[in-house]
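Beneath this line is the structure, given in structure tokens, with notes to follow.
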Amino acid sequence: DVRVEAGRVQNIDSALGVLSLTSPLHAPTQPDIVRACIAVRNIAFQRANSNPVVSGSIENKCRRDAYVSLDVSFFGANGDMLNDELAEKLVGHGTTEFRVGLSSFTLRFKPDTVSAQAGRVTDVQVRFQP
């Protein structure tokens, strides 16, 4: 029951309902993270074969290759951090995709992490080759 009128702005969050991070209707995204000439974009939490995964793309506009370290945290339904994963990728000029999931060590010793309800990139560090 949303009424649309020309020239009038209406907040429709209450009419549609705000989708939570656990909504199965879409993969939640977070804002881009930019570190100088490196940008981490399209960051989204999703499930791959029932395991939580954070994916997106890394854009390198630098004039040389860079090691990009992504710190990814996974959270439970109550907001508690379940685990932290660190991934490093050598990225040349252009755009490359990334996926960070739970390590086999984590899955073996912290089985509760499989039920993670959210995940996000919590830090990005860039290191250039000498």
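The residues of the stretch 102-130 that are of a type in the set (Ser, Thr, Tyr) and in contact (Cβ under 8 Å) with a residue 24 or more places away in the chain, listed by number, are 113, 115, 122. Within the stretch 52-107, considering only strands (runs of 3 or more DSSP E) that don't extend past its boundaries, which have at least 3 residues that are hydroxyl-bearing (Ser, Thr, Tyr)? The qualifying strands (runs of 3 or more DSSP E) are 66-75.
Just to verify a result, which residue in the stretch 88-130, among those that are over 26 Å from residue 34 (Cβ atoms) and among the basic types (Lys, Arg), is least open to solvent (accessible area, probe 1.4 Å)? Among those residues, the one meeting the criterion is 110.
Residue by residue, here is whether (1) touching a His at 6+ places or on another chain (Cβ under 8 Å); (2) aromatic (Phe, Trp, Tyr); (3) at pLDDT 95 or above; (4) open to solvent by less than 100 Å² (accessible area, probe 1.4 Å) holds:
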site: 1; (1), (2), (3), (4): no, no, no, no
site: 21; (1), (2), (3), (4): no, no, no, yes
site: 38; (1), (2), (3), (4): no, no, yes, yes
site: 47; (1), (2), (3), (4): no, no, no, no
site: 56; (1), (2), (3), (4): no, no, yes, yes
site: 63; (1), (2), (3), (4): yes, no, no, no
site: 68; (1), (2), (3), (4): no, no, yes, yes
site: 72; (1), (2), (3), (4): no, no, yes, yes
site: 80; (1), (2), (3), (4): no, no, no, yes
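The values are calculated or read from the model by the stated rules, or taken from the named source; none is laboratory data. Since this is a predicted model, take the numbers as computed values, not measurements. Cβ coordinates were reconstructed from backbone atoms using ideal geometry, including for glycine residues, and neighbour counts include every protein chain displayed. Heads up: the accessible areas ignore ligands, DNA and RNA and are worked out on the full protein's heavy atoms, side chains in. Shrake-Rupley method; radii C 1.70, N 1.55, O 1.52, S 1.80 Å.
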